[in-house]
Each structure stands twice: as structure tokens, then as C-alpha cells.
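What follows is one structure encoded as C-alpha cells, with my remarks underneath.
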Amino acid sequence: MDSVNLAVFASGSGSNAENIIRYFSNHSSIRIKKVLTNNPNAYVIDRAKNLNVPVRVFNRHEFYETGLIINDLKSDQIQWIILAGFLWLVPASITEAFPGRIVNIHPALLPKYGGKGMYGEKVHQAVKSAGEKESGITIHYVNNEYDKGNIIFQARCPVDPSDTPETIAEKVHGLEYKHYPEVIENLICK
Ligand code: GRF
């Protein structure tokens with residue numbers, strides 16, 4: 001059977017991207033074919049190159065006002081797009097080209113603590129400030145609104161009064177590394 005080709009989009013550190021690449025290296029039916037980023041300084045570029053995954057850097061004009069990214073994805077025969085810490089809103093041209101085949105991970109229990117500007121430390125700070133007793137991860141389909149697509153999977157972790165945004169982030173990252181690759185695998189191989 002031919003492999004199913006995935007592209008991973010990331011904007012920053014890329015620890016989830018690396019975890020996904022490692023999980024699917026030598027996989028029988030899923031291949032991470034390319035990493036795409038909007039950020040020429042993102043550490044995800046080094047991570048991908050170290051793992052021999054090609055990288056494409058794109059700018060705002062290319063992403064929103066041309067069909068170049070879709071053309072690139074199609075010529076790489078990409079079938080699924082995995083967002084892993086990708087901060088730009090995905091335009092309708094791309095969601096329409098990959099209907100039901102774009103997935104994101106959010107570091108909180110949506111619908112709480114999502115939306116534009118809610119990323120990274122800001123999410124964990126908001127969870128802490130609200131005195132939440134738990135947080136977690138949400139894996140969801142991507143539509144044209146930030147963090148609003150249908151939810152595929154959630155996992156929870158306790159938040160204790162002694163937790164800081166940093167310790168909440170650690171717990172949430174642990175859940176991300178544990179679950180994101182498996183959820184992707186189950187979606188694609190089901
Ligand atoms: C993760 O917490 C992910 O949920 C969010 O952005 C963060 C990216 O971290 N969307 P990394 O770049 O994978 O280390």
C-alpha cells in the first residue's frame with residue numbers, strides 16, 4: 001500500500017512536530033513528507049532538518065494571496081495537514097483544498113481558552129488566573145475560525161493551586177506528546 005503523506009505546519013519551537021516526525025519514522029503507512037513554517041527563525045526548521053524532513057518557509061503573501069502553498073502540497077501528494085504550534089489562521093482556500101483533513105492541537109480544554117491570541121503561555125496564564133482545577137489538550141479539525149472546528153479528542157490533567165503557568169505547560173506538553181501522534185494515526189488508519 002502507498003503511504004499516506006502528511007505535512008506538518010509549525011511556527012516556533014516544534015517539539016510536537018519533532019515528536020510526530022519521530023513517531024512516524026519507519027511507519028508502515030504514514031509518512032511525514034514536509035514541514036512548513038511561516039517563521040524563518042523557528043527552531044522547528046533545525047529539528048526537521050536534523051531528522052531529514054524537508055522544510056518550506058513561506059511568507060504572508062504566499063500563504064494568503066497565492067495558490068503557491070496548495071500547489072506545493074499537491075505536488076508533494078500531501079493528503080493530510082497537521083498543525084503543531086502553527087499561529088496563522090488557515091485561509092479558506094486551503095481548508096477547501098483539504099476538506100476534513102486538517103487537524104490542530106490546542107493546549108487547553110476548548111471551547112475554553114481558545115481563539116485569536118490564545119496561544120502558548122497566554123493560555124496557561126489564563127487557566128491559572130481563572131483558578132481552574134484542570135486543563136488539558138484538545139485535538140480538533142480546522143475550519144476558518146481560530147480553535148472552532150469539531151473536536152476529535154481531549155485529555156485532561158489536574159491543575160493544583162501550587163501550579164504555575166510553567167508547570168501547567170509541562171503537564172499539557174506531556175499530554176500532547178503522548179496523544180497527538182496516536183490520535184493522528186487512528187484518524188488516518190481507521
Ligand atoms: C503546543 O502547546 C501546542 O498545543 C500549541 O502550541 C504549542 C507548540 O509547542 N498549539 P511546540 O512548538 O510543539 O513545542
Of (1) touching a strand residue (DSSP E or B) at 6+ places or on another chain (Cβ under 9 Å); (2) within 28 Å of Ile30 (Cα to Cα); (3) outside any strand (DSSP E or B), Glu96 fails just (1)
Given the structure, is Ser129 crowded, with 18+ Cβ neighbours inside 10 Å and either of a type in the set (Gly, Ala, Ser) or at pLDDT 95 or above (or both)? no
Filtering the stretch 38-79 down to residues that are closer than 17 Å to Ser11 by Cα and among the aliphatic types (A, V, I, L, M), which residue is nearest to the chain's Cα centre (by Cα)? Val44
Every residue in the stretch 24-71 that is of a type in the set (Lys, Arg) and within 15 Å of the ligand (Cβ to nearest atom), please. Arg47
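So, Ile82, is that one under 20 Å from Tyr177 (Cα atoms) and in contact with a Leu (Cβ under 8 Å, 6 or more places away or on another chain) or not?
Working: under 20 Å from Tyr177 (Cα atoms): yes; in contact with a Leu (Cβ under 8 Å, 6 or more places away or on another chain): yes.
Against the criterion (under 20 Å from Tyr177 (Cα atoms) and in contact with a Leu (Cβ under 8 Å, 6 or more places away or on another chain)), Ile82 qualifies.
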Can you say whether Ile137 is closer than 21 Å to Gly14 by Cα and either modelled with pLDDT of 95 or more or among the aliphatic types (A, V, I, L, M) (or both), as far as the supplied structure shows? yes
Among (1) hydroxyl-bearing (Ser, Thr, Tyr); (2) away from the ligand (no atom under 13 Å from the Cβ); (3) closer than 28 Å to Lys74 by Cβ, where does Ser162 come up short? (3)
List pairs: first residue in the stretch 95-107 and within 16 Å of the ligand (Cβ to nearest atom), second residue in a loop (DSSP other than H, G, I, E, B) and of a type outside the set (Ser, Thr, Tyr) anywhere in the structure, Cβ distance under 7 angstrom, at least six positions apart or on different chains. Ile102/Val90; Ile102/Val142; Val103/Val142; Asn104/Val142; Ile105/Ala84; His106/Gly114; His106/Asp147
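Each row is one residue, and each column tells you yes or no for (1) at positive phi; (2) in contact (Cβ under 8 Å) with a residue 40 or more places away in the chain; (3) not polar (S, T, N, Q).
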| site | (1), (2), (3) |
| --- | --- |
| Tyr113 | yes, no, yes |
| Tyr119 | no, no, yes |
| Ala130 | no, no, yes |
| Asn150 | no, no, no |
| Phe153 | no, no, yes |
| Asp163 | no, no, yes |
| Ile168 | no, yes, yes |
Scan the stretch 114-143 for residues that are within 11 Å of the ligand (Cβ to nearest atom) and assigned to a loop (DSSP other than H, G, I, E, B) and jot them down. Gly114, Met118, Tyr119, Gly120
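From Leu175, Leu87, which residue is within 11 Å of the ligand (Cβ to nearest atom) and either at pLDDT below 95 or in contact with a Phe, Trp or Tyr (Cβ under 8 Å, 6 or more places away or on another chain) (or both)?
Values: Leu175 fails: either at pLDDT below 95 or in contact with a Phe, Trp or Tyr (Cβ under 8 Å, 6 or more places away or on another chain) (or both).
Result: Leu87 is the single residue among Leu175, Leu87 that is within 11 Å of the ligand (Cβ to nearest atom) and either at pLDDT below 95 or in contact with a Phe, Trp or Tyr (Cβ under 8 Å, 6 or more places away or on another chain) (or both).
The values are calculated or read from the model by the stated rules, or taken from the named source; none is laboratory data. Note that the structure is a prediction, hence the values are computed from the model and not measured. A quick note on method: Cβ atoms are made from the backbone with ideal geometry, for glycine too, and the neighbour counts reach across all protein chains shown.
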